[in-house]
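A quick write-up on the structure given underneath.
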Amino acid sequence: MIPAEFDYVAPTTVDDAVRALADAGDEAKILAGGQSLIPVLRMRLAAPTKLIDLGKVTELQGVREDGGALVIGAMTTHYDVVRDPLIAEHAKLIGMATSTVADPQVRHRGTFGGSLAHADPAGDLAAPALALDVEMVVHGMDGRRTIPASEFFVDYFTTALRPGELLTEVRVPKYTGWHAHYEKFNRVAQAWSIVGVAAAVQVEGHTITQARVGLTNMSSVPVRASGVERALVGQEATPEAIKAAAQHAVEGTMPVADGNADAAYREHLAKVLTSRAVTAACG
Amino acid sequence: MTTAAEPGQEVGKGRLRKEDARLITGRTRWTDNISLPGMLHMAVLRSPMAHARITNIDPSEARQMPGVLAVVTGADLADKQGSLPCAWPIAEDMKSPDAPSMAVNQVNFAGEVVAAVVARSAAEAADALEGIDVDYDELPVVLDLEQAIADGADLVHPDLGTNKSATWIFDSAEAGTGGPVDEAIASAEVTVERTFRQQRLIPAFMEPRSVVVDPTGEQVTMWSATQIPHILRLMLAMTLGVPEHKVRVIAPDVGGGFGGKLQVTPEEVITFLLAQQLGRPVKYTETRSESLASAHHGRDQLQKLTIAARRDGTVTGLKVELLADMGAYLRLVTPGVPILGAFMYNAIYKIPAYHFACTNVFTTKTPTDAYRGAGRPEATFAIERMMDELANELGMDPLDVREMNWIKHEEFPYTTVSTLTYDSGNYEAATARAKELFDYDGLRREQAERRQRGDTVQLGIGISTFTEMCGLAPSRVLGSLSYGAGGWEYGAIRMLPTGKVEVITGSSAHGQGHETAWSQIVADKLGVPFEDIEVLHGDTQSSPRGMDTYGSRSLTVGAMAVLSAADKVIEKAKPIAAHMMECSPDDLEFANGTFTVRGTDTSTGIADVALAVFAAHDLPDGVEPSLDSDATFDPENFSFPHGTHLCAAEADTETGQVRLRAYVAVDDVGKVVNPLIVEGQVHGGLVQGIAQALFEEAVYDESGTLMTGTLADYLVPSAADMPSFTTDRTETPSTTNALGVKGVGEAGTIASTPAVVNAIVDAIRHMGVNDVEMPCTPMRVWQAIQGGAQSAAGPGAEPGGGMGSLDAEGGAR
């Protein structure tokens, strides 16, 4: 378990990191916590010649408010996301999903931006990001641009980041007062999701007035369960109504088969878990 | 439960383990922590193909790479490496292929070593593997047990002419221990037939295997993360032709084994040969992925069982037909593992007719061999599942069927249909205690209630009233099974001049806590403080004889040898103490470390005797100046721990996910030396057995590639996945050894797997399910429910109504 040789740099600013990335070209990889990258290197599934470690770029750490949005630094650890009071207040769904990521050791090392940029279809953070319509802020030699979550996830482990671009921040609109739940289904505690459902709802009286639902691992990219959302809005938050709406969860999905689940079982799970996630969110 | 020890008495005390601080922190002599002057590092190249001819290997690029001292291929080692040993030829006509440590012309499983690099650093060695170019000519893979023995099957080893290695049969009519099983089945009022799959498992010990070989002395020294330093030395001598006295093997601290390090490995042999060739120390440490792919696997059997019974529940016969996957080669005890199960299918039951037949089959997969329980978990699983199936068929409570057939407390010693004599046991007591702790009746009521209201979460109760044979083993029995060695163990005591004691044991601890337990036993025996005892093990130089540790044998065999040696120390000390106190040895009593002249207050301590012996100034005539003693103990029988395990499982019928709600284990392991160690063994064993039921499986794809090649795919559970265990013990001492102890190392693993699967099936039996293949993944459970619900004439239509032990109203019939 010894990786192939590589050079290592640890810039301290975004500008330096972007420059290092530009200098290194295609052969560089960003180290943003390393909870996915290091195993890949150790198993020699990848052999980048340079690692650019963002661990010392302090400006990328932490959560702050910016008007109607929260800004989550890409290098904020999962552990910090989970216990952040701003996230608890304005983006509860993200905190709940993050608390299910892997195990405590990984959550202390792994980062919010690292996980999103890794774009593992079984990762737990992409579906909430998509459901909440977050914006990815990226930096490159050409400057800064933003990518909506709906355009960010392109394919398995593939994002809309261009060569030479870094994910630096994630802007999350405030969902103050929304109810949320992330329903994760896996076989052992530290495992990836077989299917996960991220749900956030606004409830007035007993009526669901707004709903946002994202699915983990139901396609090569996270899936927005728009059909479920439409079916929920205006409904009483009863188990029957929620269950009926959850039947739309498979729309637009293309689940794969693997050792844990075939496609039919994933589709079944998506419906059951969507129903449970929304029910739990409605409280 | 803790057993209150008498004041000053060590045995029975729940002492914290002496060895834990160093083992847990890792600040100790793990093999991979060893660094020797001039040491080189080895890395090996493994075949990605399951079955292929090697048409060409070009190592020339690797040889040019930085730091590389040697690159060798199978051709280079062909006439030196011999064939890896198999010590258990179960039949005279057993077919056993040549087992090279490094493949020469052909690879027979994915992960087999095809080349090795030795370099100055581990990184350089790993890099150089990429400079070796191997061409393969693919051969058809052999993966399925039934297909492997069908006519015209592709052959793993074409020169053997078959994929069948051997067939081993026990028949009670032939042995004279019971009736003919086919008659019992033909005349039975009820028969139940089931086929179970024992999935392939991976031992997954915490410390990957590691070996260091230092050839620079007169003796070649090998450090290895092994369970069997003594057997390894002998086998190196026999395999490689090196004189045995020129080899020293050390198992330093070893991080778990579970049978997975009961092996003479290809990597040990290759490291030995290359260290000799280069004249410098060489280290090899496997990666986790290498360990999962190439270290031996366990289980992997197809079990077909037929049980015959009367309608009142009395079992009248049991027929067991097995196919056992050997993998590509026969390793150290591979062929014998399923045979160990032959004696355990009848379990705790009085079965009047029994037939066992096992066919060992070659496939192009990683070799199998011992894994915690080795043959006995498979047997226990099958019989305990069958007892539940029989109960369902009869509409009886599964505990009642068991009780009706088990050996009663007053019937011990009892000779079983498979020829073993169980020395002691009390199944009634363990079961009564387990039921009480579990609230059996209350949970049955809740189960009925949930069924009645159609709860999406259904409750099931699983039972396992197990026993097992361990404490391997009486040498004469091993001889009768064609095993290549005896089953004795060696122990010795060295009395140091300061009164401190060195205990030498041939058992080879790899996490069990021997140092603590042996200290407790010797402290009581010799009356010396626990802290004054050091236990030496795992080095053929300090513990010159031994049969090592596996099969829950250390306490029942190894500690008995130590105890016997301690007896000899006292006997040797006695005349010297008498001489010191100017009395007759016959007038002496020995207790709590002190010789006392009977009826007086004149006494001398054993430490004083040790010092007097060291000085040797004034010893009785003809007495040698030494108290040191050794002993070899050969058990007269196996040890038969037993217990009743009850599991409550909740099955989410919407998702198929199973959650263990409660688990009660009441074990009877006889007298207990250290309840804390016993508790640890039970907990760890339970987790490992539950893991087979729910999580773990070595999965191969259709090309013979291991799909569960990392711990992200091979699901070893953590504490977060387990319920809180409720454990207790009943104590029926073994009558076979002086301590009254029985083995505990494998019990939890053997018992728990069927308890869990029985609970799952019980939870969803009313939905038409009578089996779920292991591991019972959510998808399998869900699919079983779908299959059962959709099939009107499915299992639910069978006699018994598919209603488990309960009728629709929830009452036991």
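Values for this structure:
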quantity: For segment B:306-317, Karplus couplings with θ = phi - 60° (6.51, -1.76, 1.60), whole Hz, Gly/Pro x; calculated: 10, 10, 10, 8, 8, 5, 7, x, 6, 6, 10, x
quantity: Gap separating the Cα centres of segment B:150-174 and segment B:229-289, nearest whole Å; calculated: 31
quantity: Size of charge dipole - segment A:58-173 - debye, nearest 20, with Cβ of Lys, Arg +1 and Asp, Glu -1, no other charges; calculated: 140
quantity: Alpha-carbon spread of segment B:488-633, three principal axes, descending order, Å; calculated: 47, 27, 24
quantity: Shape category assigned to segment A:179-282 from the gyration tensor of Cα positions, a/c cut at 1.5; calculated: prolate
quantity: Interchain or long-range residues, amide H under 5 Å from B:Ser165's placed H; calculated: B:Asn360, B:Val361, B:Phe362
quantity: Restricting segment B:241-323 to chymotrypsin sites (Phe, Trp or Tyr not before Pro) in coil, as DSSP defines it, with at most 16 other Cβ within 10 Å; calculated: none
quantity: Minimum 50 Å² accessible area buried by the other protein chains, segment B:690-718 residues, probe 1.4 Å, relative to alone; calculated: B:Leu715
quantity: Descending semi-axes in Å of chain B, equivalent ellipsoid built from Cα gyration tensor; calculated: 43, 38, 23
quantity: Candidates per GluC sites (Glu not before Pro) in segment B:1-105, loop by DSSP, up to 13 other Cβ within 10 Å; calculated: B:Glu92
quantity: Accessible surface, per residue, of chain A when the full set of protein chains is kept, probe 1.4 Å, Å²; calculated: 42
quantity: Probe 1.4 Å - accessible area at A:Arg83, Å² to nearest ten; calculated: 150
quantity: Ellipsoid semi-axes in whole angstrom, largest first, where each is sqrt(5λ) of the Cα gyration tensor of the protein assembly as shown; calculated: 51, 39, 31
quantity: Centre separation in Å (Cα based) which lies between segment B:362-404 and segment B:577-609; calculated: 56
quantity: Under Karplus coefficients 6.51, -1.76 and 1.60, residue-wise ³J(HN,Hα) of segment B:546-562 in Hz, glycine/proline x; calculated: x, 10, 6, 10, 5, x, 6, 9, 5, 6, 6, 10, x, 5, 5, 5, 4
quantity: Principal axis dimensions, segment A:7-56 - Cα atoms, whole angstrom, descending; calculated: 31, 20, 13
quantity: Å² of accessible area per residue within chain B, as computed with a 1.4 Å probe and no ligands counted; calculated: 34
quantity: Residues whose placed amide H lies under 5 Å from that of B:Ala662, excluding near-sequence neighbours; calculated: B:Ala648
quantity: Under-5 Å amide H pairs with B:His51, H placed in peptide plane, nonlocal only; calculated: B:Leu139
quantity: Lysines whose Cα lies under 16 Å from that of B:Lys304, excluding same-chain neighbours fewer than 8 positions away; calculated: B:Lys319
quantity: Phi to ³J(HN,Hα) by Karplus 6.51 cos²θ - 1.76 cosθ + 1.60 over segment B:452-462, Hz, x for Gly, Pro; calculated: 4, 8, x, 4, 5, 9, 9, 9, x, 10, x
quantity: Accessible area buried at the B-A interface, both sides summed, 1.4 Å probe (Å², nearest 100); calculated: 2000
quantity: Residues in segment A:1-28 occluded by at least 10 Å² - accessible area, probe radius 1.4 Å, against chain by itself; calculated: A:Met1, A:Ile2, A:Glu5
quantity: Antiparallel bridges, percent of DSSP beta bridges restricted to segment B:488-633 (to nearest 5); calculated: 75
quantity: Descending principal axes extents, chain A, alpha-carbon based, whole Å; calculated: 58, 45, 31
quantity: For segment A:148-227 versus segment B:176-221, the gap between their alpha-carbon centres in whole angstrom; calculated: 46
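The values are calculated or read from the model by the stated rules, or taken from the named source; none is laboratory data. Please read these numbers as outputs of a predicted model, since none were measured by experiment. When we count neighbours, we look across all protein chains shown, and the Cβ atoms used for this are built from the backbone with ideal geometry, even at glycine. Side chains are part of the model used for accessible areas, which takes the heavy atoms of the whole protein and leaves out ligands, DNA and RNA. Shrake-Rupley method; radii C 1.70, N 1.55, O 1.52, S 1.80 Å.
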